[in-house]
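Here is the structure we will look at, set down as structure tokens.
What follows draws every value from the coordinates through simple rules; no lab data is involved. Quick caveat: nothing in here was measured; it's all calculated off a predicted structure. Quick reminder, even Gly has a Cβ in these numbers, built from the backbone with ideal geometry, and neighbours come from all protein chains shown.
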Amino acid sequence: MGSRASTLLREEEIEEIKKETGFSHSQITRLYSRFTSLDKGENGTLSREDFQRIPELAINPLGDRIINAFFPEGEDQVNFRGFMRTLAHFRPIEDNEKNKNPTASEPLNSRSNKLLFAFRLYDLDRDDKISRDELLQVLRMMVGVNISDEQLGSIADRTIQEADTNGDSCISFQEFIKASLVEKLCETCF
Amino acid sequence: MPSRTGAGSGRSLPEFGLLLLVIFVLLEGSLLPLGAASSTSKSCEEAKQGHTEVHNFTKKAFPVLGVDYGHIKNPFEISLWVLLACLMKLGFHLIPRLSSIVPESCLLIVVGLLVGGLIKLAREEVPPVLDSKFFFLYLLPPIILDAGYFLPIRPFMENLGTILMFAVIGTLWNAFFIGGLLYGICQISNSDLTAIGILPCLLFGSIISAVDPVAVLAVFEEIHINELLHILVFGESLLNDAVTVVLYHLFEEFSVDGSVTVLDGILGVISFLVVALGGVLFGAMYGFLAALTSRFTSHTRVIEPLFAFLYSYMAYLSAEVFHLSGIMALIACGAVMRPYIEANISHKSHTTIKYFLKMLSSVSETLIFIFLGVATVDGRHSWNWIFVTMSVVLCLVARVIGVVGLTFIINKFRIVKLTTKDQFIIAYGGLRGAIAFSLGFLLKEDHFHMRDMFLTAIITVIFFTVFVQGMTIKPLVELLAVKKKQEAKRSINEEIHTQFLDHLLTGIEDICGHYGHHHWKDKLNRFNKKYVKKFLIVSERSKEPQLIAFYHKMEMKQAIQLVESGGGSKLPSAVPSTVSMQNIQPKNPPATTKPAERVLPQLSKGREEEIRKILRSNLQRTRQRLHSYNRHTLVADPYEDGFSDLILKKQRMMIKEMTNYLTVPAAAPDSPTMVRARLASDPQSYNMKPVSGGVPTIQVDLASPQSPDSVRLLDELGEADGKEQEKDQGLTMKLPGGSSRPNKPGETENTREQQKLTRCLSDPGPTAELKELLCVVGEV
């Protein structure tokens, strides 16, 4: 890969990414090599097809949505910066960070940002509410094709019923956090 | 109990009678509120009989009544002990305040002490009740199986690394620290302790270092700490068995020889791996066999639970044959077979397994603690201040240092770190128990002349941990405000989002190219779904996704709850079935306007299943009092296994053939089942009220006086609107005059105009199909 020296990551870039996302030096370099191995077109950006080439992602029920989460609104290519920015959501929260910079904007992997990321995976149309249809779509993806629409519908109804506190038969972000105990789950997984 | 043969001869009878009296008095003493006076008189009688028999010998008359104790001695003694244990358990809960201050295990040990003391006072030999063989073969397996079967797999697997660290490295550290330091102290002290070599000390260390699952279970059960801590301490107590087994055998072997070489050390490590993995392998093998067997049991539901128990016990015994870790085999067997067995067996068998396991383990635990008390009184003790106190102190110190040190290392790898409070609870929760005692008991006297001292020290440590630590852990938990167990039941939201997050994190891991935790878990799940489930689970159920299975379980639970709570007036608005049933409702408006013709609307199979389940759970209550004389089959439950389909189809056809104005005399249409059901249940209380989704359409209208017995079933379809009438009356029969009698579901249609329909439940939703089914059901 010697001929690609020009596309190798420069130190300043690493520093910037480090500041923005909080990843360590070694993590960034490792993820960069992963990025380049995925980038078959060798143009420094990833397209949707590049992601879809990952075999395990193809069988993941949420594969498409996860891929979409990497691409900002309306764009088809994501560069390394954007790649890292999305991945930064999944970095575990470290206690010693909390006191470092109270005036800086909230770090990407703060709890609420993580929850917002998860929420956005449900809420495709970005109206800050998970409607019954959106929930149905996610359920359908996770459950497979053998289950009838009606059954799925009743599960969706029940889910919304459990979570919905203000009666608009949609799940808002606040309700989402409370009902699914996502907060607690996020703590252990993210 | 007398150890003499007592084969019914006249000599020992009076003394025996006296002993019986003592035992019965003891029972009576603890049973005073329950009034066990009758048993005392019985024993007096027996003693008298004995006396008369003695007198009769001289006359050589035909013995009308004889006493032959030796014949039934063993079962009798065993039953008496078990009975004592259960009565004690009962007794404690009658004294409310006591059971909240003192954990049950302490009370049981005290009872054991008392009983042992009493027996000793009666100058009888205390039988070696805590015989190690008896303990390991019969008392321990039920408890471990119960723990393994109900082990919460997800938290266990998530924390497996931590648990293994504590179990393996923690126990090793404990053993060597305690053993080594004790040896040092023994050498320093100028008494006869110097004779104890390093290896016996290490052996003692290895025996005393293992955290005991029985004690931990007994104490932690009552303090309800959060799941993480519970699974950490409990998991550790289960998994350290492998370490204990290896260390024990290692040191025991070499104590005889007197030296250990490096080669032995390496062999020991290999042996540990073999013991641990071998145990798990055996368990998994038997678990798969059990799951496979359960696939074919659909025709012999009665013996289903037995398979679960037998295979697990065999796993334990097989592992013990090869000196592998029997405990790990049991855990592995229970954990592996559970998901498949639960998918295959009937609901009743599942309940049976659950309650039988709980019952056995509860009795075992009680017996263990009582025997511990008895054995304390009985054992030959050799008290040595230095040794005993130092062992107690060293145990505590070793545990604390071990936990703190390990947590420091572990926290570097954990996402959710263990706080100081957590560490304290983990350290404090390291209780020792009967396993340590039994292992000590197993030591051969001729090899270890200090066996008595060891036993005394072990018992002291056990008493200390169980009493002091056991009693104070609850107030400490409160004091430190440790997070308690969340009582909330798992909601469907949680289930969905857990799965969602799993998929999400797996995906992210795949993108990063990082083969982490989620990646392997996902691979295992996929393999499970594709191959294993198809092989081990009855065909139709293997394809059900976990989410759907979970949802069905929830629905069922809610339906049952509704039934139990009387379910009368209003359906709580959270019942989802009504929501979705209202979705179906719009499909069937024509049905309500055609009284003359029953149109059976199409129900999706899933909906039908759910309705059937709800009805089944309701109807099971009335079946409870049916007699089950036949040992080979249970009363055929018509709602299981497709039998229901046949019945329903048959009934539907019969109804379709009926025409209007059919009146049937009351007695005739009742099928035997119905008769039984009616007879079994109190006619007054027999109301179909508890049906959750269904509306009992059965309003019986007594016709004119010419046919006072005729009964007509009114069809709810005749009602034009969904108005509720006579809400909570269940099924009532209405004479034209207005009096009512308990229902007798007949089977007719009546199309008179002013039919008033009785509804049990106020919701207008439930559709025609349900009513249909209900009528039909009434027939069965």
Length gained, B:Val404-B:Thr472, 0.36 nm per residue minus C-alpha separation, equals 22.4 nm
Here, B:Ile169 and B:Asn525, labelled 7 Å along Cα→Cβ, have an inter-label distance in nm of 3.0 nm
Length gained if A:Glu73 through A:Asn43 is fully extended, taking 0.36 nm per residue and subtracting the Cα-Cα distance, is 8.7 nm
Ranked output for segments B:497-507, A:146-156, B:230-240 by mean other Cβ atoms within 10 Å, highest leading, reads B:230-240, B:497-507, A:146-156
One finds, for B:Ile266 and B:Phe322 with R0 = 22 angstrom and r their Cβ-Cβ distance, a FRET efficiency to the nearest 0.05 of 0.65
Taking only the Cα positions of segment B:121-239, the convex hull volume per residue in Å³ is 175 Å³
On the formula 1/(1 + (r/R0)^6), with r taken between the Cβ atoms of B:Ser132 and A:Ile59 and R0 of 56 Å, the FRET efficiency rounded to 0.05 is 0.60
By the mean-Cβ-within-10 Å protection proxy, highest first, B:372-381, B:545-554 rank as B:372-381, B:545-554
Dimensionless Rg/Rh of segment B:313-401, both radii on Cα and Rh by Kirkwood, sits at 1.15
For segment B:134-183, the Cα convex hull volume per residue in Å³ comes to 89 Å³
Cα-Cα longer than 24 Å, checked against B:Lys354/B:Lys613; B:Lys73/B:Lys133; B:Lys358/B:Lys521, kept in input order, equals B:Lys358/B:Lys521
At the level of C-alpha centres, the distance separating segment B:201-215 and segment B:390-442, in angstrom, is 12 Å
If the chain between B:Lys485 and B:Ala195 were fully extended at 0.36 nm per residue, the gain over the current Cα-Cα distance would be 99.4 nm
At R0 = 56 Å the Cβ-Cβ FRET efficiency linking B:Ser382 and B:Arg612, nearest 0.05, sits at 0.25
Expressed as a whole number, the average count of other chain Cβ atoms within 10 Å around the Cβ atoms of B:288-296 is 0
Going residue by residue through segment B:371-377, the Karplus relation 6.51 cos²θ - 1.76 cosθ + 1.60 with θ = phi - 60° gives ³J(HN,Hα) values, rounded to whole Hz and with x marking Gly or Pro, of 5, 4, x, 4, 5, 4, 5
Note: B:508-517 gets an average of partner chain Cβ contacts (10 Å, Cβ to Cβ) equal to 6
